[in-house]
Amino acid sequence: MESEHLLKTKMESVGENRLMKSKYSVIVFDLGNVLLNFDYQRVIDGFERVESGIGFKFADYYRQNYDVHRKFERGDYSAKQFTEIMLRLLDDKVGEEQFYRIYSEIFTPNNELVDVLPVLKEHYKLVIMSNTNSIHYQYGWKDFDFIKHFDKMILSYQVGAVKPENGIYRAVETYTGAPPSEHFYTDDILEYVSAARRLGWDAAQFVDNPRLFSEFEKRGIIFRRE
């Protein structure tokens, strides 16, 4: 009887593993601090090189008026409206194109994670879901080569919703057509991970690459060639 019980347990375990390996059809990535590292100190330094003091003025305003940034990410402000606010803040010492470059040249790819995208792409639909804005998209990161591996980018300013609002997650589901449970999501911000879980997604907070790869392995997500 004991041997029968062990056999049954092993069969159930195999079945669970197979189910887990077939569970996910969509892998959803956050962008900033996951696929891309970014450094806002570069923005401060860039403005400081134009004129001493305006970089720190910009940083103080950004911290104290984060709602302006968030409205831009949601699409409530156009790029023109946002830029006008920022240029006034910078005492009109910075030109429009110069502002775009300094504000946006802050991103570097997370190469170790980017390197597993081709294998993931062979097995899953890949989606970026990001709180971002049109200036960062145009001047900061749209031309990085790894973007080609993604089937779709769901960007906050395009869909009129920011994480953790339901609308941006639902926009992903509308695109994929997959049940919530078939989505795996990773984001460095726990609040956004929790919002995904409340909607029925599986999700893990991004801390670093080894821990994300461990989360993949636990779920049977294929990210390396055997």
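Quick note: the coordinates plus some simple rules give every number you see, no bench work behind them. Treat the numbers as computed from the prediction; the structure is a model and nothing was measured. Cβ placement follows ideal geometry from the backbone for every residue including glycine, while neighbour counts extend to all protein chains displayed.
For the chain, the longest principal axis of the Cα atoms and the long axis of helix 41-50 meet at an angle of about 20 degrees.
If you take Rg and Dmax of the Cα atoms in Å from the coordinates, which of (1) 17.4, 54; (2) 21.0, 83; (3) 17.1, 49 do you get? This structure yields the entry labelled (2). Across region 28-103 the C-alpha pair distances fall into 10 Å bins from zero in the proportions 17, 49, 30, 4, 0 percent. Distance from the Cα centroid of region 147-226 to that of region 34-113 is 26 Å (rounded to whole angstrom).
Toward the positive end of the charge dipole of the chain, with +1 on the Cβ of Lys and Arg and -1 on the Cβ of Asp and Glu, the farthest Cα among Gly53, Asn110, Gln41 is that of Asn110.
Suppose every K and R has +1 on its Cβ and every D and E has -1 on its Cβ; what is the size of the dipole of region 41-104 about the Cα centre, in Debye to the nearest 20? Before the final figure, lay out the partial values.
Values: 11 positive and 12 negative charges, 36 e Å.
Once rounded to the nearest 20, the dipole reads 180 debye.
Rounded, prolate or oblate: pick one for region 176-226, where a ≥ b ≥ c are the square roots of the eigenvalues of its C-alpha gyration tensor, a/c under 1.5 means rounded, and failing that, prolate if a/b is larger than b/c, else oblate. Taking the square roots of the gyration eigenvalues as a ≥ b ≥ c, region 176-226 is oblate. Distance between the 7 Å Cα→Cβ label points at Arg49 and Asp188: 2.3 nm. Taking 0.36 nm per residue of sequence separation and removing the Cα-Cα distance, the Val119/Tyr62 pair yields an extension gain of 16.7 nm.
Of the listed pairs Lys71/Lys218; Lys142/Lys163; Lys93/Lys148, which have alpha-carbon separations greater than 29 Å here? Pairs exceeding 29 Å: Lys71/Lys218; Lys93/Lys148.
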